[in-house]
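The numbers here are math on the coordinates, done by the rules we state, and not lab data. On a predicted model such as this, the values are computed, not experimentally measured, just so you know. Here the Cβ positions follow ideal geometry from the backbone for every residue, glycine too, while neighbour counts run over all protein chains shown.
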């Protein structure tokens, strides 16, 4: 079982750009993007695998982001402190945990 408190290294990079945007990339997908204003964007990129969820949860734990991604009956859920969000894993998509990236004064591009 993978450690949940530390971001895995296999096919995974963690970068911070010049604007302070931190990205956790698994293979070629930015699975977690953290903006300096506190907005967090999750993107499975169509890869709804256990390892994708693990990387997201490892990033949340290591970076103190306050969310947990789980799956029940094929539906992905994002638990955020005392709240939750349903995430449809059957389509490629993103979920924003808090805030909107375009309100940060940064590009809304998360690629």
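Sticking with the crude label model, points 7 Å out along Cα→Cβ, report the distance from residue 62 to residue 49 in nm, one decimal please.
1.7
Modelling each spin label as a point 7 Å along the Cα-to-Cβ direction, I'd like the residue 10/residue 79 distance in nm, to one decimal.
Placing both labels 7 Å beyond Cα along the Cβ direction yields 2.5 nm.
Hey, fewest Cβ within 10 Å first, where do 43, 79 land in order?
Ranked by crowding around the Cβ, least crowded first: 79, 43.
Give, in nm to one decimal, the length gained when the segment between residue 72 and residue 19 is fully stretched (0.36 nm per residue of separation minus the Cα-Cα distance).
15.5 nm
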